[in-house]
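The values are calculated or read from the model by the stated rules, or taken from the named source; none is laboratory data. Just so it is clear, the structure is predicted and the values come from calculations on it, not from any experiment. FYI the Cβ positions are ideal-geometry reconstructions off the backbone, even for glycines, and counts take in every protein chain you see. Note: accessible area is taken over every heavy atom of the protein model, side chains too, but ligands, DNA and RNA are not part of it. Shrake-Rupley method; radii C 1.70, N 1.55, O 1.52, S 1.80 Å.
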Amino acid sequence: MNSVFVYCEIEEGTVADVSLELLTKGRALATKLGVKLEAIVLGEGLKDVEKQVFPYGVDVLWVGDDARLAPYTTLPHTKMLVRLFDAEKPQVALMGATSVGRDLGPRVSSALHSGLTADCTSLEIGEYTDAKSGKKYENLLYQIRPAFGGNIVATIVNPECRPQMATVREGVMKKEIFNLQHQGEVKKLNVDEYLDDTDLVVKVIERHMEKSKVNIKAAPIIVAGGYGVGSKENFNLLYELAAVLGGEVGASRAAVDAGFCEHERQIGQTGTTVRPKLYIACGISGQIQHTAGMEESSMVIAINTDANAPINKFADYVITGDLNVVIPKMIQYYKKNSK
Amino acid sequence: MKGLKIVVLAKQVPDTRNVGKDAMKADGTVNRAALPAIFNPEDLNALEQALRLKDTIEGTTVHVLTMGPGRAAEIIREAMYRGADGGYLLSDRAFAGSDTLATSYALSCALRNLEYDLIICGRQAIDGDTAQVGPQVAEKLALPQVTYAEDIQKCDGKIVTIKRRLERGIEVVTCPMPCVVTVNGSAAPCRPRNARFVMKYKNAKGTQEAQDANEDYFALVNERPYLKLTEWSVNDIQSNPADLGLSGSPTKVKNIESVVFQAKEAKVLSGTDAELDAMMKELITNHTIG
């Protein structure tokens, strides 16, 4: 009863990474709660999609396969989800904190009058006692996220309303095969029963999607720059170091907002979460929104003029100095020693 | 074409982007009083989109709706300095403790007092970064929504054509009005204040602000009624009290931890040649690089 649901996003016929990560997390939550893990996929041409999700431990897969569901638009997907959740009454519903999930999630939560927490960095099961009424709740979803610009970490619960909804960014949860032999049940949704013309008023007339060019998530070494780098030109030094070490360049939100670096390289709560072997933080102060996206790096080098920058607390090497001096020397001594 | 009625939803937020040392208390928690209150950045992008429509479609009006304490009237003035026609402050203790859903409900009730063809707001506010209020307002009013808007390209009086900036590309959509549009930070920045409007509206006050005002203000308002900004309490909107504030909020904050950074043993270098030489040798030896 009262399953854990994951809304799976489709990118060019394939289930998105963020959805597979959520299925992995959803499987763990469902097992802990002793309930089924169910997934919902909406799109067009979804033949054999179950083969992609069953290995992640999905017990029931709901499929809505119809031209009206692709490309994604808000109203048809909302209606399918709201009706399905109304009927199935999941206790937990997860979706990616993507431009789809963050468009869809609030709309669904509003229609169902249920609580939604955006951009969670951790999800756990636990109990809660309401301070006012003294009422105790078992097995609630703890939705944990930085808030207030990352200066605090809040644990949010939805004691009364269901489903307990949360969005999570790509790369925050780990993607792990549950069991290659795992088999679930496929349930086809009759889309005609759900949609009418009023759901189709928004029309996509043009669409240019590109595969993300940079793949900082997979890079073993990341040279990341913050606002302290100072300019777009100074970022060239970071590209140089990254090229020499065989890594990628990342950036903090402050550096992206300042126009030093493109958004797809942003690391942190509102960007990508990375777990490289080596993370070189250049001119990054280390606000928690940023460190939330890099704290699992195996080794961290922090280069900063401020000896008390918060990033230093995460660092294995703290280099207090000007990155315009330090980085060329690092390149020089890497070349010298790697020969 | 008939002029449009546009409502911009805007929020006054603490400037969480510039949390300096003085903004943290000795115990490591945030001293909210030390943070300046600003116009939420993406709401300014939203205002610009509205003002551009006003520039191009004759007879178009732009009003700001904001919810917050009395001092949030500042947001309305700021919008008027840049070309908005006026605004509404929704302010009452009954709204305290609202999560995004209760906020959206209150705003949607206030919007029912107004006429609108377009409701435009920023994608998200920097104090919560949730991006939920826009879509939830749309749902409450049963309106279609277009999120992540970068440019309102066209409006023929019935349908708007909007370019959306998504993570991996762009999309152009058409949407019938009325609708809710949430605007990305990648959209055009808001125009600066106009000196003429600053002179005209600098004495405009909301009801709570006017409580501290002197006689001169009231004499001025008699002459220039536009200096009195409309403020609504819970009694001025039709709402179900159970859906407002804390009781209308499905999400509860279980606990809040101030971020305390965990120290770990680090090698502290000053960046000399010998140190960096040794560091690169270590990293190569332990196979971190190379």
Margin query: Counting only other chains, and only Cβ atoms inside 10 Å, what mean value do you get across the residues of B:158-164?
Written below: 2
Next item on the list: Amide H neighbours of A:ALA281 under 5 Å, at least 5 residues apart or on other chains, H built in the peptide plane: list them.
Entry: A:ALA224, A:ILE301, A:ALA302, A:ILE303
Next item on the list: Enter the angle in degrees (range 0 to 90, nearest 10) between the Cα long axis of helix A:101-112 and the first principal axis of the Cα atoms of chain A, meaning the one along which they spread out most.
Entry: 40
Note to self: Before I look further, what does the protein assembly as shown give for accessible area per residue, probe 1.4 Å, in whole square angstrom?
What the structure shows: 42
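Test of understanding: what is the full-extension gain from B:ALA33 to B:ASP85, defined as 0.36 nm times their sequence separation minus their Cα-Cα distance?
Working: separation 52, 0.36 × 52 = 18.72 nm, distance 3.04 nm.
Computed gain between B:ALA33 and B:ASP85 is 15.7 nm.
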Notebook entry, point to check: Helix A:323-338 sits at what angle to the longest principal axis of chain A, using alpha carbons and giving 0 to 90 degrees rounded to 10?
Noted result: 90
Item checked: With Cα atoms, 0 to 90° folded angle of helix A:232-245 axis to chain A main axis -> 90
Checklist line | A:TYR137-B:ASN235 pseudo-label distance in nm [points 7 Å out on the Cα-to-Cβ vector] | finding: 3.4
Next item on the list: Using the Cα centre as the reference, give the magnitude of the dipole from point charges on the C-beta atoms of chain B (Lys, Arg: +1; Asp, Glu: -1; all else neutral), rounded to the nearest 20 debye.
Entry: 540
Next item on the list: Determine, from the Cβ-Cβ distance of A:GLU160 and A:VAL325 and an R0 of 51 Å, the FRET efficiency 1/(1 + (r/R0)^6), rounded to the nearest 0.05.
Entry: 0.30
Note to self: Can you list residues from other chains, or at least 5 along the same chain, whose modelled amide H is less than 5 Å from the amide H of A:TYR137?
What the structure shows: A:TYR128, A:THR129, A:ASP130
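For the pair A:ARG83 and B:ASN255, what calculated FRET efficiency results from E = 1/(1 + (r/R0)^6), where r is the Cβ-Cβ distance and R0 = 41 Å, to the nearest 0.05?
Numbers: r = 35 Å, r/R0 = 0.85.
The formula returns an efficiency of 0.70 here.
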Next item on the list: With a ≥ b ≥ c taken as the square roots of the eigenvalues of the C-alpha gyration tensor of the stretch A:1-136, please select rounded if a/c is under 1.5 and otherwise prolate if a/b is larger than b/c or oblate if it is not?
Entry: prolate
Next item on the list: Count, for each residue of A:198-204, the Cβ atoms from other chains sitting within 10 Å of its Cβ, then give me the mean as a whole number.
Entry: 4
Margin query: One quarter of the convex hull surface, Cα atoms only: what value does that give for the stretch A:137-178 in nm²?
Written below: 4.5
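Cross-link list A:LYS203/B:LYS140; B:LYS54/B:LYS154; A:LYS135/B:LYS252; B:LYS2/B:LYS202; B:LYS5/B:LYS154: which exceed 19 angstrom alpha carbon to alpha carbon? Intermediate values should be presented prior to the final figure.
Details: A:LYS203/B:LYS140 21 Å; B:LYS54/B:LYS154 12 Å; A:LYS135/B:LYS252 13 Å; B:LYS2/B:LYS202 30 Å; B:LYS5/B:LYS154 16 Å.
The pairs that break the limit, which is 19 Å between Cα atoms, are A:LYS203/B:LYS140; B:LYS2/B:LYS202.
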Checklist line | C-alpha center-to-center spacing [the stretch B:215-254, the stretch B:170-211] in angstrom | finding: 19
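Shape verdict for the stretch B:5-243, please, from the Cα gyration tensor: rounded (a/c under 1.5), prolate (a/b greater than b/c) or oblate.
Values: a/c = 1.41, a/b = 1.17, b/c = 1.20.
Since a/c stays below 1.5, the shape of the stretch B:5-243 is classed as rounded.
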Margin query: Counting protein heavy atoms only and a 1.4 angstrom probe, how many square angstrom of accessible surface do chains A and B bury in total, to the nearest 100?
Written below: 7000
Check: Taking amide hydrogens as modeled 1.01 Å from N in the peptide plane, which residues meet the under 5 Å criterion relative to B:VAL160, leaving out close sequence neighbours?
Finding: B:CYS175, B:MET177
Next item on the list: Grab the beta carbon distance between B:HIS287 and A:LYS32, set R0 = 30 Å, and tell me the FRET efficiency rounded to 0.05.
Entry: 0.25
Notebook entry, point to check: Among A:SER110, A:SER133, A:SER297, which one moves the most in a GNM of chain A with springs linking Cα atoms closer than 10 Å?
Noted result: A:SER133
Checklist line | Between the stretch B:100-162 and the stretch A:48-103, the alpha-carbon center distance in angstrom | finding: 24
Next item on the list: Once you have a ≥ b ≥ c as the square roots of the Cα gyration tensor eigenvalues for the stretch A:216-338, tell me rounded if a/c is under 1.5, and otherwise prolate or oblate according to whether a/b is larger than b/c.
Entry: rounded
Checklist line | Choice from B:MET279, B:MET177, B:MET80 showing the highest fluctuation, given a GNM over chain B with Cα pairs closer than 10 Å | finding: B:MET279
Margin query: So if I place +1 on the C-beta of Lys and Arg and -1 on the C-beta of Asp and Glu, and nothing else carries charge, what would the dipole magnitude of chain A be about its Cα centre? I want it in debye, nearest 20.
Written below: 940
